[in-house]
1. So, residue 56, is that one over 22 Å from residue 90 (Cβ atoms) and either within 12 Å of the chain's Cα centre (by Cα) or assigned to a helix (DSSP H, G or I) (or both) or not?
2. If you go through the stretch 1-42 one residue at a time, how many are outside any helix (DSSP H, G or I) and touching a helix residue (DSSP H, G or I) at 6+ places or on another chain (Cβ under 6 Å)?
3. Can you list residue pairs whose Cβ atoms sit under 7 Å apart, with the first residue in the stretch 30-52 being more than 15 Å from residue 125 (Cα to Cα) and the second being loosely packed, with under 13 Cβ neighbours inside 10 Å? Count only pairs 6 or more apart in sequence or on different chains.
4. Which condition does residue 121 not pass, out of (1) surrounded by fewer than 19 Cβ atoms within 10 Å (Cβ to Cβ); (2) more than 12 Å from the chain's Cα centre (by Cα), if it passes all the others?
5. Among the listed residues 57, 92, which satisfies the condition of being in contact with a helix residue (DSSP H, G or I) (Cβ under 8 Å, 6 or more places away or on another chain), at pLDDT 90 or above and either buried (at least 20 other Cβ atoms within 10 Å of the Cβ) or under 20 Å from residue 13 (Cα atoms) (or both)?
6. Return the residues of the stretch 60-89 that are within 13 Å of residue 119 (Cα to Cα) and touching a helix residue (DSSP H, G or I) at 6+ places or on another chain (Cβ under 6 Å); say none if nothing qualifies.
7. Given the criterion within 20 Å of residue 164 (Cα to Cα) and at pLDDT below 85, identify the matching residue among 102, 16, 26, 36.
8. From the list 87, 45, which one is under 16 Å from the mean Cα position of the chain (by Cα), modelled with pLDDT under 90 and either part of a loop (DSSP other than H, G, I, E, B) or surrounded by fewer than 15 Cβ atoms within 10 Å (Cβ to Cβ) (or both)?
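The values are calculated or read from the model by the stated rules, or taken from the named source; none is laboratory data. As the structure is a computational prediction, the values presented were derived from the model and not from experiment. Quick reminder, even Gly has a Cβ in these numbers, built from the backbone with ideal geometry, and neighbours come from all protein chains shown.
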């Protein structure tokens, strides 16, 4: 149990550091900015305490906000993502999630890709809607959401495949 908690803490801080030190400095064409810190929310173990999970999601977003000087948009997006995670898991994985036996490294790649895509697009749509906060700029919000989501999904899938413990 301590090994699992240590891995979660290590993943939490590693994703924050990678996000704020490296990825926040990437901005291709004004629309593409990867946000892989949400990988913590996406891959958090299903059986763990839900209240702790929501608190950790808020703290994760808050740290990214503090280092990015973004005024709380990452914290709001991360908490929203933590709240909507159970229905997205049920939609993506079905009965495996119902029985609480899901391990992301053992799931089919297609199901994992659907799950990652839904979670990343929802996060980015909320993030950029709060960042721009003007309905007249809906095209800008959708462009930023689309292009950043593609890049973030590619990075998240690549990281999850590289660090997967399953050797298929």
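1. Spelling it out, it is not the case that residue 56 is over 22 Å from residue 90 (Cβ atoms) and either within 12 Å of the chain's Cα centre (by Cα) or assigned to a helix (DSSP H, G or I) (or both).
2. Keep residues of the stretch 1-42 that are outside any helix (DSSP H, G or I), which gives 1, 22, 26-35.
From what's left, touching a helix residue (DSSP H, G or I) at 6+ places or on another chain (Cβ under 6 Å): 31-35.
Summing the residues that are outside any helix (DSSP H, G or I) and touching a helix residue (DSSP H, G or I) at 6+ places or on another chain (Cβ under 6 Å) in the stretch 1-42 gives 5.
3. Short answer, once both residue conditions are applied: 46/100; 47/100.
4. Here residue 121 clears every test but (2).
5. None of the other options fit; the residue is 57.
6. 77, 78, 79, 80, 81, 82, 88, 89
7. When all the criteria are applied, what remains is 102.
8. Values: 87 fails: modelled with pLDDT under 90.
None of the other options fit; the residue is 45.
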